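The values are calculated or read from the model by the stated rules, or taken from the named source; none is laboratory data. Since we're looking at a predicted model, the values are computed, not measured. All Cβ positions, glycine included, derive from the backbone under ideal geometry; neighbour counts span all protein chains shown. SASA here: full protein model, heavy atoms, side chains in, ligands and nucleic acids out. Shrake-Rupley method; radii C 1.70, N 1.55, O 1.52, S 1.80 Å.
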Amino acid sequence: MANNILAVLEQREGKLKKASFEAAAVASKLASELNCDAIAVVVGNEIINLNEVSKYGIKKTIHLKSSGLEQYSTSGYSDAVTAYAKTVGAEYLVFANTSLGRDLAPVVAIKYDAGILTDCTNIEVSDGDVVVTRPVYAGKAFIDIKFKSSKKILTTRPNVFKAEANNSAGAPEIEVIEIQSPNLNSRVIETKKSEGKIDVSEAEIIVSGGRGMKGPENFHLVEELAEVLGAAVGASRAVVDAGWRQHSEQVGQTGKTVSPTLYIACGISGAIQHLAGMSSSKYIVAINKDQDAPIFSVADYGIAGDVFEILPALTEEIKKYK
Amino acid sequence: MKIAVCVSHVPDTATKIKIANSGKDIDPSGVTFIINPYDEYAVEEALKQKEALGGEVTVFSVGGDANKESIRKALAMGADKGVLIKSENELDSIGIAKALAVEIKNEGCELVFCGKQSVDYDDSIVGQLLSALLGYNCVSTVVGLKIEGNKITAEREIEGGREVIETQIPVVITTQKGLNEPRYASLKGIMGAKKKTIEEKSSANVESSTEVIKMRKPAPKQPGRIVGNDVSAVPELVKLLREEAKVI
Ligand SMILES: Cc1cc2nc3c(=O)[nH]c(=O)nc-3n(C[C@H](O)[C@H](O)[C@H](O)COP(=O)(O)OP(=O)(O)OC[C@H]3O[C@@H](n4cnc5c(N)ncnc54)[C@H](O)[C@@H]3O)c2cc1C
Ligand SMILES: Nc1ncnc2c1ncn2[C@@H]1O[C@H](COP(=O)(O)O)[C@@H](O)[C@H]1O
């Protein structure tokens, strides 16, 4: 029997994030397989949806609370999480591999003297050992890997593990622990939001445009399709380098890694570095006038045609059902 | 200011990967290795800070003799000297960070730059691990940086925007595309790099905390379906997305 498993959840502006519910679901599944308890931990000030955690199979949630920790702080959050992990002697800690999780988890790993495996896409228990699968070389290969350390930290790739809410879950048990004088050696002093847009790394559906869109003035076609689908707009590096779109929208090796349920690539050739960022999408649709474009080799469905004809028609067709 | 920059030596991103006979690693034969692309932003930032603050830039790399090539690349861009930390066994990220921490501490560097990610194992954690081992502050995935005296103001990329972080030196910064435009090595720089020293150290007693069981290629994807080649295919595509894939 293993010791406790902690799911370390992330809140932004006082709300728990979806990727964290996935991490919670992973922790609760691991706990049942390893025959131990899963506990959720979240650092922050006021948090509005703490009682949702129990829907993902975790009964007890610990809120490490301080007004100084309302916003992220590498030093403050890592100290708080490490101290709690020590008090319960946690054996596993599970984080979501978000910008916050990727910053926090490795610092906790050192402070807690744990091994760490990031960006996991599969986690299995075999003979009491946890075996992790993760992509390497930009998804060109996978490794199965295990821990040698006694304490272990995992981060889960967002959108890969399913977090299905279970409404029959019992009443949540929430315990608040006040953090006195948090370590604010590093702290967020300002957050600059890209207004009104869904970020590609958090979107369920992404419509991406590449050089085949011919110019920034044509991206409204991509945006309109994204709009009817409630999707985020993505871009290839070629169009980001050309200054047509912002780097925050870039998908691929030097951009963001995404795993939406649907990825629609418009006028994107499918270079290996682009595929690196999106090939783990559940369904891929390619629209490209070159039937031999490499994007078709990863696409589930494709139209080998002109984006300027297809996109407006596709937007109209989808509107019929919305 | 003593500045450190950490570089890894990785397969060119366009190369095809073959699995080695061991079944645990790639077969390096015929693979072109380059300096990790994100580390070029780290080298550039280290050089810019040296120009502003004075001091010395030391390049650190953990690995085999081949890594000297990437160290030389950084020296050609303008770094002052290199340290190759040789490891007997393959190290994971914690092993690499521990090996780096020992030598960076020896050298007394208080401003440390890493790339945000090494495009081999794509871990994205060595910089953060290193900061915790050294007891330094850390800001990862940085796209904007200002240093005034001991004060660091850094912008990092997050989902849906950026956050501005305030902290102090000593610090480890991991660099993301957008922070700067890495300079090209001049001919003079390339010639000069040959005369700069690369010291060799060994990472004694450093161990990994993880162990690879197996490396494999992803299962080949079933070829997709080309629904058509003009607008007449649109209704069929939407039908497939609604009824077969059930994603819209
Ligand atoms: C180290 C490194 C890192 C990189 N990182 C990334 C990354 O993160 N993300 C990334 O995307 N790339 C990355 N790249 C670049 C990558 O190699 C490609 O150059 C890039 O992805 C190409 O973008 P594209 O598909 O938009 O353009 P192109 O390759 O030029 O493709 C345009 C496509 O549009 C099609 N087309 C043209 N007109 C039409 C039309 N009217 N209708 C339909 N289709 C049309 C063409 O057939 C073509 O297939 C990286 C490269 C390197 C070396
Ligand atoms: N073997 C290595 N030697 C020196 N620096 C490294 C090494 N591996 C990783 N790094 C540094 O750590 C960063 C992040 O790497 P990773 O955590 O492996 O994705 C890289 O961009 C490098 O700056």
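Structural remarks
- For residue A:60, a cut-off of 19 angstrom between C-alpha atoms picks up these aspartates and glutamates, skipping any fewer than 8 places away in its own chain: A:10, A:22, A:33, A:37, A:46, A:52, A:91, A:164, A:173, A:175, A:178.
- Cα centroids of region B:183-212 and region B:37-103: 5 Å apart.
- Listed by chain and number, the lysines whose C-alpha is less than 22 Å from the C-alpha of residue A:322, apart from same-chain residues fewer than 8 away, are A:197, A:282, B:239, B:246.
- Of all DSSP-defined beta bridges confined to chain A, some 20% are antiparallel rather than parallel.
- If both residues of a DSSP beta bridge must be in the protein assembly as shown, then about 35% of such bridges are antiparallel.
- Measuring between alpha carbons in the structure, the pairs from A:192/B:48; B:24/B:48; A:151/B:217; A:59/A:319; B:16/B:86; B:86/B:214 lying more than 32 angstrom apart are B:24/B:48; A:59/A:319.
- Charge sum, other residues only, whose C-beta stays under 12 Å from residue B:46's C-beta, Lys/Arg counted +1 and Asp/Glu -1: -3
- Counting only protein heavy atoms and a probe of 1.4 Å, the accessible surface of chain B is 49% carbon and sulfur.
- Our note on the geometry: Cα centres of region A:202-230 and region A:174-189, 40 Å apart.
- Interface burial for B against A (accessible surface, 1.4 Å probe, total of both chains, Å², rounded to 100): 7000 Å²
- Taking Cβ atoms as reference points and 11 Å as the exclusive limit, the residues near residue A:317 contribute a net charge of +3, counting Lys and Arg as +1 and Asp and Glu as -1.
- Members of region A:295-320 that become less accessible by 50 Å² or more once partner protein chains are added (1.4 angstrom probe, chain alone as reference): A:301, A:303, A:317
- In the context of the full set of protein chains, residues of region B:2-202 present 39 Å² of accessible surface per residue (probe radius 1.4 Å, heavy atoms only).
- Where both bridge residues fall in region B:2-202, DSSP classifies roughly 40% of the beta bridges as antiparallel.
- Of interest is the spacing of the C-alpha centroids, which for region A:63-133 and region A:15-42 amounts to 12 Å.
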